[in-house]
Amino acid sequence: MYRHAYNNPLLEVKHLVKVFTGGGLSRGKSLTAVDDLSFEIPGDKAHVTALVGESGSGKTTTGLLVLGIIPMTSGQIIYKGKNIWKMDKKGWMGYRKEVQAVFQDPYEVYNPFYKVDRVLELPIKNFKLASSGEEGRKLIVEALDAVNLTPEEVLGKYPHQLSGGQRQRLMIARALLTRPRLIVADEPVSMVDASLRAGILNTMLNLKKAYGISFIFITHDLSVADYFSDDIIVLYRGSNVESGDIKKVLGRPAHPYLQLLVSSIPLPDPEKRWKARTMLKAEEITRRRGEGIGCKFYSRCPKALDICANTRPSSVQIDKDHFVSCHLYSK
Amino acid sequence: MKEGSPQGFLSRALKISARLSMARKSRALIAGLCLILPLLFLGFILPLVVPRRGLSMAAYPRDLSPSFEHILGTDSLGRDIFTLLIYGLQQSLIIGLIAGTVGIALGVLIGFTAGYKGGFTDDLLRSTTDTFLVIPTWPLLVILSGYLKALTVPLLALLLAAFSWPGAARGMRSQVLSLKERGFVRLAKLSGEGDLGIIFKEIAPNIFPYIVMMFGGSMTGAMVSEVALELIGLGPSESNTLGLIIYWAMFYGATVRRMWWWIAPPIICLVALFLGLQLLNIGLDEVYNPRIRR
Amino acid sequence: MPELLNVKDLRVYYRIPGASVRAVDGLSFTVKKNEVFGIVGESGSGKTTLAVGILRLNKPPCFVESGEVIFDGEDILRIPEGRLRELRLTHLSYIPQSAMNALNPVLRVRDQLLDAMESHGMRRSEGQARIKELLEMVGLPPEVAGMYPHELSGGMKQRVIIAIATAMKPKLIVADEPTTALDVVVQRRVLEFLLEIREKLGASLIVITHDIAVQAEIVDRLGVMYAGKMVEIGNVHDIFKDPLHPYTSGLMMSTPILGEKKALESIPGTPPSLINPPPGCRFHPRCPFASEECKRMEPPFHEVGASRFVACWRYK
């Protein structure tokens, strides 16, 4: 439908840091949600990068930073060669058009005061996507069609009159209106019933194929990430601990944290229960660690070495398309 | 779909009529209106036709029981009680409205700015608000009322407003803080909405009902304070308020003398006023909060 | 087969002005002694109402309309209040959804454990002696006894809940979504402790969750719930290998398995209203095999093999 290939990386995130502090006059503790994160989204073809982590990993914050909704503490976010925080108004509008989002909570994203149509009308109005009401309506119908919704089903209704699945599809339709190049999807199916998730994921896969849209897919669910993504970045407390081609990384996880995760996820197959496939078992380890020094996973790591207590591991390539930050693999 | 187009206008008119039909279904709202509207009529419309003569002392014979000429009789100072009631209601309502409006306006402005701006502005405004909150309202009110020679109704209203704004500011700030992080605000930003658009179109509609409810509370609070001041003799003595009627009634021992027609009506009016405002609050909550609608 | 719990044709409705929400509408199943029985269902299936109903914990407007819940020979729904109180916690134990948020924030863990034990007849001194043992059973260090709930992580809180729920050595534990909101690594540990305790006590465990993967990991037999009814019951291995009911197979087809390349499919449509369920088989609007019979008549829930039950006209 519309494919715009771009030879350089589409998005470059360089040394991204986000620190949340307690506030001006109060001297509260600070929280480093994103800690020196760097990654790239290629531009030559549609690509899905999964950003995986548990709660507190910083994955949602990273998404908000990439979208430019919250300011960063330091680092650079470069889109098509331009730093997004240094863009002029026109450039910024262009960024907003090409990078859109789908959020997790299909209830929260709708202002209960307005009918759901508004969610579709706002981008059309603000980005001047249509020159007449007629044209705007056509765009809306097109977008709804791409997500398998009919206008009669959803238009003219209030948010509480639609189901969670319908609301989520509508969100995706909204994201499509501006013909984005990249969609940041933050847990798009975790609040939707299991039997309806596949449909929404398949819809998004179709968008990738038909419209050439790339995704940053933020999730805690490794199985879903595996189904949907090409690459994976595993976050632990704001840092990238392992990344690369998703089949490689999940097939042979290197970092102890990822090994722990993969061993712990429940598989919907009674023939392959935990006992039969544990790579690494969680232990009740209480190791004290100085604040800010050493590997973040040290206090929970069953394979920790002495060096882990006081030196941060740096990224090491252990295979084509497979990187890990762990002293076990340092040369 | 532009705002000014016929489609925009029609959809807005439809929205308003939808809200009105919701309002019709709320029993609390209707009950509240049934109490408030007659009181407003009594307090604002009737004074336009009822002559002030009945307010002067010794205008009529004292202590008359209710009769055809004097619906509520006369008090021990020779005034027509019905006239007193009408004008007293008017004055009490004015105090409530001024104090409520000014207090809320100030509170909303300060609270909203603090919540939306965040950072240093927030810290500064919040400390100021908290300082004012800590000041003991009642003793200060008593002292000021006793000290000021010419305490007029408007002046009292402003004084009451000065004590009610911090509460509104706090409430406003916390509402704005929570709304700011809501998904639909983030989504609006992504859809290209600027700050002003977000404030007026996303946050304001969700806050408006809250403001109206705070107003009801503020108004009630102001009127209660006024009555309390009157009862200890510190209210504005120039103008006649419901509280003042009660004061004189008690001064002249109306209860002991079984002059129910003197002391009961102002009390009933006050109770009806407070009850009506509360019911309006509940009703508005039903209209605006889709989750508790029947 | 020794049966511990026998639920017969249970109906639990919510009475709201003008209508009844038929959350549990004629449901039957049995739980054997010493087994883990799973009940899987999505939102709107009525599974939490089922938990509340079989333990007679319902409060108005939720009413048990009809049916029997025979626990070890006694019908829980008909025994007097006194006997019910005796049975609760000593024989029957319930871990509600979000239980960890219901811990009393101003009491230390030790006191909450003691309170639970005392209210069921144990003397304080006896209880004190057991605390360390209880904490050990759930893998918590003895220091936890002196801590407050807010000092504990989610996983630790849930384990305290399990300790409270198993303090009186119950024969049946009903756990409703015991690990939602917990991180995956913590989830495994909590579930493993729950299973360990169950085994030590020789108790039966009913695990209610929408997460079919969790069911696959821990249960012996599985019941599939849809729109207030049980649509399939069987041994967990059999059900996953060969799901009979179209809803069950729909669930299997919509769940990804890490490491396996398979296309996923959604079940079209949405769950039905429990106030006005569709006539005939409740699943027919979404079923690829629906026939005229399915639209008119409700299929009976009957045995089609060794301990295998299904409610579907395709298996007569």
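The values are calculated or read from the model by the stated rules, or taken from the named source; none is laboratory data. From a predicted model like this one, the values you see are computed outputs, not experimental measurements. In this analysis, Cβ positions are derived from the backbone assuming ideal geometry, glycine residues included, and neighbour counts consider all displayed protein chains. Heavy atoms of the whole protein, side chains included, go into the accessibility calculation; ligands, DNA and RNA do not. Shrake-Rupley method; radii C 1.70, N 1.55, O 1.52, S 1.80 Å.
For a straight C-alpha distance cut-off of 26 angstrom, the lysines reachable from A:Lys82 (same-chain residues fewer than eight places away being disregarded) are A:Lys14, A:Lys18, A:Lys45, A:Lys59, A:Lys90, A:Lys97, A:Lys125, A:Lys128, A:Lys208, B:Lys189.
Cross-link partners of A:Lys157 among lysines, defined as those whose alpha carbon lies under 18 angstrom from its own and excluding same-chain residues fewer than eight positions apart: A:Lys115, B:Lys15. The residues of the range B:157-199 occluded by other protein chains by 50 Å² or more of accessible area, set against the chain on its own, are B:Phe184, B:Arg186, B:Leu187, B:Lys189, B:Leu190, B:Ser191; surface from heavy atoms, 1.4 Å probe.
For the range A:253-331, lysine pairs with C-alpha atoms less than 20 angstrom apart, excluding pairs fewer than eight positions apart on the same chain, total 7.
Accessible-area rank, largest first, for C:Val304, A:Val224: C:Val304, A:Val224, with all protein chains present and a 1.4 angstrom probe. Of all accessible surface on the range A:11-251 at a 1.4 Å probe, what whole percent is carbon and sulfur? Summing carbon and sulfur atoms, their accessible area is 51 percent of the total for the range A:11-251. For chain B, the membrane-span-like helix rule (DSSP H, alpha carbon extent of at least 24 Å along the helix axis, mean Kyte-Doolittle at least -0.5) picks out B:6-25, B:81-117, B:153-180, B:204-231, B:260-288; this says nothing about an actual membrane.
Distance between the 7 Å Cα→Cβ label points at B:Val212 and A:Lys89: 3.6 nm.
Rounded to the nearest 5, what is the percent of antiparallel bridges among the DSSP beta bridges in chain C? Don't skip to the end; give the middle numbers.
Numbers: 31 of 50 bridges.
Within chain C, antiparallel bridges account for around 60 percent of the total.
Give me the compactness ratio for the protein assembly as shown, meaning the Cα radius of gyration over 2.2 N^0.38 Å.
On the way: Rg = 33.6 Å, N = 941, 2.2 N^0.38 = 29.7 Å.
Cα-based Rg divided by the globular estimate yields 1.13.
Rank these residues by their accessible area, most exposed first, probe 1.4 Å: C:Phe301, B:Phe208.
Numbers: C:Phe301 65, B:Phe208 110 Å².
Putting C:Phe301, B:Phe208 in descending order of accessible area: B:Phe208, C:Phe301.
Rg over Rh for chain B works out to 1.06, using Cα positions for both radii and the Kirkwood form for Rh.
At 222 nm, what helix-only mean residue ellipticity would the protein assembly as shown give, in deg cm²/dmol to the nearest 500, using -39500 (n - 2.57) for each DSSP H run of four or more?
My calculation for the protein assembly as shown gives -13500 deg cm²/dmol from helical runs alone.
Could you give the distance between the Cα centres of the range A:221-281 and the range C:228-256, to the whole Å? Result: 26 Å between the Cα centres.
Per residue, the range A:184-331 exposes 41 Å² of accessible surface when a 1.4 Å probe is rolled over the protein heavy atoms with every protein chain present.
As a test of reading the structure, rank B:Met57, C:Met253, C:Met156 by solvent-accessible area (1.4 Å probe, protein chains only), most first. It would help to have the intermediate numbers written out before the result.
On the way: B:Met57 125, C:Met253 90, C:Met156 45 Å².
Sorted descending by solvent-accessible area, the residues read B:Met57, C:Met253, C:Met156.
Which percentage, to the nearest 5, of the DSSP beta bridges contained in the range A:11-251 is antiparallel? Taking every DSSP beta bridge with both residues in the range A:11-251, the antiparallel ones total about 55 percent.
Dividing the radius of gyration of the alpha carbons in chain A by their Kirkwood radius gives 0.99 for Rg/Rh.
A Cα-only calculation for the range B:52-171 places Rg and Dmax at 20.8, 66 Å.
Among the residues of B:116-128, the average count of other protein chain beta-carbon atoms within 10 Å of the residue beta-carbon is 2. Taking 0.36 nm per residue of sequence separation and removing the Cα-Cα distance, the B:Ser178/B:Val134 pair yields an extension gain of 13.4 nm. Short-range pairs are left out: with C-alpha atoms under 8 Å and at least six residues apart, the relative contact order of the range C:1-57 is 34 percent. Here the Karplus relation 6.51 cos²θ - 1.76 cosθ + 1.60, evaluated at θ = phi - 60°, turns the backbone of the range C:136-142 into coupling constants of 4, 4, 9, x, 9, x, x Hz, with x for every Gly and Pro. At a threshold of 50 Å², the residues of the range C:168-188 that become less accessible to a 1.4 Å probe in the full protein assembly than in their chain on its own are C:Asp183, C:Val184, C:Val185, C:Arg188. Compared with the dominant Cα axis of chain C, that is its longest principal axis, helix C:109-118 is turned about 80°. Buried between C and A is an accessible area of approximately 3500 Å², summed over both sides with a 1.4 Å probe.
Residues of the range A:180-205 whose accessible area, computed with a 1.4 Å probe over protein heavy atoms, drops by at least 10 Å² once all protein chains are present relative to their chain alone are A:Asp193, A:Ala194, A:Ser195, A:Leu196, A:Arg197, A:Ala198, A:Gly199, A:Asn202. In terms of packing, defined here as the mean over residues of other Cβ atoms within 10 angstrom, the peptides B:43-55, A:203-215, A:145-157 line up highest first as A:203-215, A:145-157, B:43-55. Annotation for C:Lys8 and B:Ile71: the two label points, set 7 Å from Cα along the Cα-Cβ direction, are 7.2 nm apart. Once both labels are positioned 7 Å from their Cα atoms along Cα-to-Cβ, the gap between B:Asp195 and A:Asn7 label points is 4.2 nm. With contacts taken as Cα pairs under 8 Å and at least 6 residues apart, chain C reaches a relative contact order of 20 percent.
Look at the alpha carbon pairs under 8 Å that are at least 6 residues apart: their mean separation over the length of chain A gives a relative contact order of 19 percent.
Over the range B:86-293, with every protein chain in place, what whole percent of the accessible area is carbon and sulfur at 1.4 Å, could you tell me?
Details: 6390 of 9180 Å².
Within the range B:86-293, the accessible surface is 70 percent carbon and sulfur.
Per-residue shielding of C:248-260, expressed as the average number of other chain Cβ atoms within 10 Å of the residue Cβ, stands at 6. Taking all protein chains as they are arranged and a probe of 1.4 Å, the heavy atoms of C:Tyr94 leave approximately 60 Å² accessible to solvent. Among the protein heavy atoms, those of C:Ser291 account for about 50 Å² of accessible surface (1.4 Å probe, every chain in place). Checking the a/c ratio against 1.5 first, then a/b against b/c, what shape does the Cα gyration tensor give for the range A:162-266? Judged from the Cα gyration tensor, the range A:162-266 comes out prolate (a/c at least 1.5, a/b above b/c).
Quantify how strongly other chains surround peptide A:154-161 by giving the mean number of their Cβ atoms within 10 Å of each of its Cβ atoms. It would help to have the intermediate numbers written out before the result.
Working: counts 0, 0, 2, 0, 2, 2, 3, 1.
Partner-chain Cβ atoms within 10 Å, mean over residues of A:154-161: 1.
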